Amino acid sequence: MTDPSDDPVFDALQGLSVGDALGAQFFVPDTARRHLDARTDPPAPWPWTDDTEMACSVHAAWRERGTIDTFDLTHAFARRHDFDRGYGPAANRLLRLIREGGDARRLAAELFDGQGSFGNGAAMRTAPLGAAFAADPAAAVRPAADTAVITHTHPQAVDGAIAVAVAAALAVRARTEPTTPARHLRAVAALTPPGAVRRGLADAARITDRTDPGAAAALLGNGSRTSAADTVPYALWCAAHWLDDYPGAVWAAIGAGGDVDTVAAITGGVVAARTGTAGIPARWLAAREPLPGWAFPAPLRPAPRPLTPMRLPRAHPVPDLRWSDHHWHRYRTGLRTPHWLTRTTEGVLHLHRADTGAETWSLAFAAAKDGWRPVAAHAEAHPAHFAGPARLTDALLELEAGA
């Protein structure tokens, strides 16, 4: 694993994962009694939970593309899903079915009798993404929503993810622009859609004169109902109060009880976006289980020339083939031969002519139990840009042979 320097996205992931791992230790009653009041460290090591596992996938997705490809992220969540990390029953079932080839959008929308999940699972993973948008916190809104609806389609859950991403973006700005707890929370609320989460943030901004976590949680919630509206306002209240003090913020997040690992993960991710990894106690970083190597992929290679989409797409017979994860990943990284270039976006493989950059074919893929299968194909039909009599299968064979 690399250790990026001066990277707020990485800092937020570090802060999120340490908060998650430390908070998870306080689900053990004896640990809570002996260590919480004295603020002493529980015995190491501290395994992280589903909060960190999903945040690592978000971090990897951003690191690869500098944007969010929801198809890639959906299947990253599903294929990296570790049942033993503490996922809830609905998430376990959803991710298993996606991994087995189920329709991810339909499955997420059907949760909880069709209302979608309004839990805090989308909010817990977006601080690293938000930290990438310090230059324009409003630009974090749509990508955060895109990451949320993969598993949580209820507006409250989406709003929670947006609020955390915006809070992290603003926390990075606070490295150079002084702020106050009330100002920080009001700015987050201003970029959060109207609803229960925004109302909770407004309540949080009104009690910034208080520093008692228990009193704040009594008004805002502490995640005990595991909803975004019951979790995000309190987590961001803690972050806003102790924006320059990572240990103080995380101890406050844990101190009110409830869903302590998720509250501490959200709080820790936002505060570390302000303090950097240097603000996290070194002994806490050492106690936390190491992050997985797959969270730090190399960025995808840019195309050697500008690529243009098809001018006149026309349906094409779908080839009968199956790809393994290894094959799909190779195409995702951009295969190149003397005649062809590839790129993928949202589960679609695009084949471009190497000489002109013009797209000739596209193949839309879906997950299957045994890998990946094409479900639709298109070919360029514009007379001025038609590539000639070459066949799609021949182009794929050339790519396989030449890559």
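The values are calculated or read from the model by the stated rules, or taken from the named source; none is laboratory data. None of the values given here were measured: they were computed from a predicted structure. Using ideal geometry, Cβ is built from the backbone for each residue, glycine included, and neighbour counts are taken over all protein chains shown.
Tabulated data for the structure shown
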quantity: Filter result for residue 182 (crowded, with 21+ Cβ neighbours inside 10 Å, small (Gly, Ala, Ser) and touching a helix residue (DSSP H, G or I) at 6+ places or on another chain (Cβ under 8 Å)); calculated: no
quantity: Residue within the stretch 377-393 that is of a type in the set (Lys, Arg) and free of Cβ contacts under 8 Å to residues at least 24 places away in the same chain present; calculated: yes
quantity: Test for residue 77: is it buried (at least 17 other Cβ atoms within 10 Å of the Cβ) and either under 25 Å from residue 128 (Cα atoms) or not charged (D, E, K, R) (or both); calculated: yes
quantity: Single match in 80, 65, 85, 39 (criterion: touching a residue at least 24 places away in the same chain (Cβ under 8 Å), touching a Phe, Trp or Tyr at 6+ places or on another chain (Cβ under 7 Å), within 23 Å of residue 269 (Cβ to Cβ) and among the basic types (Lys, Arg)); calculated: 39
quantity: Any chance residue 51 is acidic (Asp, Glu) and in contact with a Ser or Thr (Cβ under 6 Å, 6 or more places away or on another chain); calculated: yes
quantity: Single residue of the stretch 345-354 satisfying the filter (in contact with a strand residue (DSSP E or B) (Cβ under 7 Å, 6 or more places away or on another chain) and of a type outside the set (A, V, I, L, M)) that is surrounded by the most Cβ atoms within 10 Å (Cβ to Cβ); calculated: 352
quantity: Single condition residue 175 does not satisfy, out of (1) surrounded by fewer than 24 Cβ atoms within 10 Å (Cβ to Cβ); (2) out of contact with any Lys or Arg (no Cβ under 8 Å at 6 or more places or on another chain); (3) in contact (Cβ under 8 Å) with a residue 12 or more places away in the chain; calculated: (2)
quantity: Hey, residue 332 basic (Lys, Arg), within 29 Å of residue 99 (Cα to Cα), touching a His at 6+ places or on another chain (Cβ under 6 Å) and at pLDDT below 95 or not; calculated: no
quantity: Among the candidates 230, 259, 245, residue that is surrounded by 24 or more Cβ atoms within 10 Å (Cβ to Cβ) and farther than 18 Å from residue 188 by Cβ; calculated: 259
quantity: Residues within the stretch 110-124 that are surrounded by fewer than 17 Cβ atoms within 10 Å (Cβ to Cβ) and either of a type in the set (Lys, Arg) or modelled with pLDDT of 90 or more (or both), tallied; calculated: 0
quantity: Unique residue being surrounded by fewer than 24 Cβ atoms within 10 Å (Cβ to Cβ) and either in contact with a His (Cβ under 8 Å, 6 or more places away or on another chain) or part of a helix (DSSP H, G or I) (or both) when the list is 209, 203; calculated: 203
quantity: Restricting the stretch 263-303 to residues that are assigned to a loop (DSSP other than H, G, I, E, B) and in contact with a Lys or Arg (Cβ under 7 Å, 6 or more places away or on another chain), the residue that is nearest to residue 224 (Cα to Cα); calculated: 296
quantity: Condition check for residue 46: within 17 Å of the chain's Cα centre (by Cα) and touching a residue at least 24 places away in the same chain (Cβ under 8 Å); calculated: no
quantity: Inter-residue pairs, beta-carbon under 7 Å, first on the phi < 0 side of the Ramachandran plot and in the stretch 203-221, second among the acidic types (Asp, Glu), 6+ apart; calculated: 219/203; 220/203
quantity: Residues that are basic (Lys, Arg) and under 22 Å from the mean Cα position of the chain (by Cα), drawn from the stretch 187-224; calculated: 198
quantity: Residue pairs meeting the criteria (Cβ under 8 Å; at least 6 apart or on separate chains; first under 17 Å from residue 25 (Cα atoms), in the stretch 275-289; second modelled with pLDDT of 95 or more and of a type in the set (Val, Ile, Thr)); calculated: 284/18; 285/18; 285/277; 288/18
quantity: Filtered residue count, the stretch 212-253, keeping only those that are farther than 26 Å from residue 158 by Cβ, assigned to a helix (DSSP H, G or I) and either in contact with a Gly (Cβ under 8 Å, 6 or more places away or on another chain) or not assigned by TED's automatic domain parsing to the domain that holds residue 38 (or both); calculated: 3
quantity: Selection within the stretch 267-294 - in contact with a Ser or Thr (Cβ under 7 Å, 6 or more places away or on another chain) and surrounded by 21 or more Cβ atoms within 10 Å (Cβ to Cβ); calculated: 288
quantity: Filtered residue count, the stretch 355-385, keeping only those that are in contact with a strand residue (DSSP E or B) (Cβ under 6 Å, 6 or more places away or on another chain), more than 16 Å from residue 318 (Cβ to Cβ) and at pLDDT below 90; calculated: 1
